[in-house]
Amino acid sequence: MTAVAQQTAPGSSLPDPMEPEAFTQVTFHLLTSNISVIGNYSVKMHYNPVPGDIPNILAVMIYNKSSDEFGWDFVQVTANEELVNSNEDKGFRAYYAAGYLEAYIAAKRIAQIYISQGLTTPQPQAVLDWVERHIAYMNSKATENMRAGYPNPFWTQVGNLLAQIEGMAAGYNVSLVERGLIGPSQPNLTFTDFFLLNFNNELSEVYNLLNVSSSDMAATSTKQRTTRSQSSPDKLLPFKNRNLHCSALVKVTDEDIFFSHDSWNSYSSMMRQYKVYKFQTTVSMSGAAGTIASGDDWYITSNNLAVQETTNDFYNASLLEYVVPESVSEFLRAMVATFLANNGREWVELFQFNNSGTYCNQWMVLDYKMYTPGAVGDALPDNLLWVAEQIPGNVTSADVTQTLRETSYWASYNIPYSPVSLLVPG
């Protein structure tokens, strides 16, 4: 599988054509000689305006490398519409190609994120074994669904998202070779490495389950770290290294409805990207290089859904029996629901399927196509705002629009809403 970067703007000069100057918007195309085959790719770069007659485009990426000046890079990846809607593989090749192109272009950023998050530290073998079983389970279910003719949209989308990560791993490593970037600051990364980058927020529960001591732990996300003390009672996880740092608000005014999220973190996590994925649904989100989900989390979709969460911790060690590898990762379930759901009820129903019990959050889903500007109180329709709260073994969900009617707002700050999510975790 080869990719060749071609700088096509006459008279332009960049030290690395994949690293545009700040605020220089560049468009990249992933091309192939045969659109039905994965492989034999080439990557071509164009400064705007982009030529209109380019054949066999698998994916298009618009990249504005502006984080040093503005705080955010801008990334937009558009998959080939024919492949996204293909009856042959239901989008598998489209997602793979989109991941390949994104990681090929953003390879340096991905390496920076991977190193700054401490993921070069080897994971304990027990953790790697659990993660590999987890990946194998999801791959097997997606493959079964494919062989049966894609009857289940949930597993179809899980397969597509795993293909996107697989494409990222391939594109990243090809980019390192072709651009001469291999070295300590740009290590080769496997599919599992990319999966762990996306799964990083969920590792805490796996560490607790496997009773991994802090001295054995790799550096996990600072968003949520809770480890089991060797001296603690078996049935209680200690209040230790707790770092829950999100707050969110949905606010109705006399003129509009506002949907806001605040997340603060270490400096090592500040290389951010505002991403737009244009697949079967357009999803805009805060994110980072190498990840296919937000992680904060904050999303806006072309189905007029606004989705966000704040994290809830748990201390009842007996719940760890529900953290099993035969499940679907939280970040994948969130993305499946975000791509497929048309309303809040559909989102929570998709999200709660195959609950992994990892990275337990309160999710808010605002269906803003149901909102009429100026509507307040009893004029707000049912199903405007849904909430889903995950703990290991259970997801509790409800239409909480009545709270908006009564108080004009919904506030979320790492404290569960439902009695089950509040009392059972301890």
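The values are calculated or read from the model by the stated rules, or taken from the named source; none is laboratory data. Not measured: the values here are computed from a predicted model. All Cβ positions, even for glycine, are placed from backbone atoms using ideal geometry, and neighbour counts span all protein chains on display.
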For this session: With the condition kept exactly as written, say whether any residue in the stretch 302-322 is of a type in the set (Phe, Trp, Tyr), buried (at least 19 other Cβ atoms within 10 Å of the Cβ) and under 10 Å from the mean Cα position of the chain (by Cα).
Result: no
Problem set entry | Condition check for Ile113: within 17 Å of the chain's Cα centre (by Cα) and under 30 Å from Glu321 (Cβ atoms) | no
Problem set entry | Listing of helices (runs of 4 or more DSSP H) fully contained in the stretch 125-210 that carry 2 or more residues being farther than 24 Å from Val77 by Cβ and under 18 Å from the mean Cα position of the chain (by Cα) | 125-147, 203-210
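Could you tell me how many of the residues in the stretch 129-177 are of a type in the set (Phe, Trp, Tyr), over 15 Å from Glu88 (Cα atoms) and touching a residue at least 40 places away in the same chain (Cβ under 8 Å)?
4
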Exercise. So which strands (runs of 3 or more DSSP E) stay within the stretch 252-315 end to end and still have 2 or more residues that are under 30 Å from Thr27 (Cβ atoms) and without any contact (Cβ under 8 Å) to a residue 40 or more places away in the chain?
Worked result: 282-287, 298-301
For this session: With the checklist (1) crowded, with 17+ Cβ neighbours inside 10 Å; (2) under 15 Å from Asn304 (Cα atoms); (3) not hydrophobic (A, V, I, L, M, F, W, C) in hand, flag the one item Lys369 doesn't pass.
Result: (1)
Exercise. Take the residues of the stretch 332-366 that are over 24 Å from Lys278 (Cβ atoms) and among the small types (Gly, Ala, Ser): which is surrounded by the fewest Cβ atoms within 10 Å (Cβ to Cβ)?
Worked result: Gly357
Exercise. Would it be correct to say that Tyr359 is in contact (Cβ under 8 Å) with a residue 40 or more places away in the chain and over 19 Å from the mean Cα position of the chain (by Cα)?
Worked result: no
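Against the condition within 28 Å of Tyr114 (Cα to Cα) and modelled with pLDDT of 95 or more, how does Ser329 come out, does it pass?
Criteria met by Ser329.
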Exercise. Can Phe339 be described as part of a loop (DSSP other than H, G, I, E, B), at pLDDT 95 or above and over 17 Å from Phe199 (Cα atoms)?
Worked result: no
Problem set entry | Enumeration of residues in the stretch 373-402 that are surrounded by 18 or more Cβ atoms within 10 Å (Cβ to Cβ) and either in a helix (DSSP H, G or I) or touching a Pro at 6+ places or on another chain (Cβ under 7 Å) (or both) | Glu389, Ile391, Thr401
For this session: Sort through Leu380, Leu350 and tell me the only one that's of a type in the set (A, V, I, L, M) and farther than 20 Å from Leu249 by Cβ.
Result: Leu350
